[in-house]
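This report refers to the structure that appears directly beneath it.
The values are calculated or read from the model by the stated rules, or taken from the named source; none is laboratory data. What you see is a predicted model, and the numbers here were worked out from it, not measured in a lab. We place every Cβ from the backbone using ideal geometry, glycine too, and count neighbours over all the protein chains shown. Protein only, heavy atoms only, side chains kept; ligands, DNA and RNA dropped before computing areas. Shrake-Rupley method; radii C 1.70, N 1.55, O 1.52, S 1.80 Å.
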Amino acid sequence: MRIFLSIVHFSYHTISATNKKFKIVNDTVYNQRKERFFVLHNDLLNTFSSSSTNTSETIENIQNLFPLHPSTANLATYYAREAGSSSRSVFEFLACDAVKEFLDCEENYANERTITADYLWDYVKEYFESDTTKFGAVTERYNSHHLAVEAAGDNYSKVFKGILLLNALNNIANSDTVTPSQENIENLFVGTEVADELADILDFLNDKSIIQRQPNGNFSILFTALPGEEIQKIKEELLCSENNLRLANKDTEDLTIRKLTYGNPTMSAKFEEARNAKSLSSGTEDDI
């Protein structure tokens, strides 16, 4: 049973002052599923409305965005502020092909799925790649590891993208709701098929050093102000230095007295003198 025809409007927090929402085809089914989701996961409404000046309005707006997951809506507000074109940028996300395909898929409704943060990552990745100063560390991590993560499974890829998105937005926002903490990562997938598998996925990302769990429990990526080209140059220089050191150590290990003294009378005499001195010293100690 199809619930939506299309997305016509959007509203959440500071994104837009107007009351915009999805165009509903079947109000009864839609409201049943929306109500069931928010009864089971009411804590999300409290989390994302706590900083609002109008809590009740914010909660209503979040609910009207269903099946957009509340955590995705929260992240979208910070992306909108960064992109500098609030309602337009987020509206385009909600009208993108991937979201349209989600809304047209009967299986998504049969399984009561929501639009999770991985959809938003796919939409904003190109924008992030255009600004390496702010987001280079995150996009580089994605490019280096996404194939290995995708090979582990779709849910692994969803969590990976969600953590990257948290890191990217945490770099520009001042909000506890976008830090890459385990709690916020869990919030990204509350009420989804990913939730039961999340602990194993986080262990995988940590154990494989894809995104490691820090002592404070956050899955943070270190940001640097250096351009990507300069970072790569430093990596190459360090690798070259490491190779030179390894060769020097190998040459040192191959040195023997015979090699040092061969064809060198002066060096031979020095070693002979040192041997005699050591022998004399040892004999003196024995006499004592």
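In the set THR77, THR72, only one residue is β-branched (Val, Ile, Thr), part of a helix (DSSP H, G or I), modelled with pLDDT of 90 or more and under 18 Å from VAL178 (Cα atoms); that residue is THR72.
Residues in the range 115-171 that are touching a residue at least 40 places away in the same chain (Cβ under 8 Å) and among the acidic types (Asp, Glu) were compared, and the one that is least open to solvent (accessible area, probe 1.4 Å) is ASP118.
Residues in the range 173-201 that are over 23 Å from ARG36 (Cβ atoms), open to solvent by less than 60 Å² (accessible area, probe 1.4 Å) and under 16 Å from the mean Cα position of the chain (by Cα): ALA173, THR177, VAL178, THR179, PRO180, SER181, ASN184, ILE185, ILE201.
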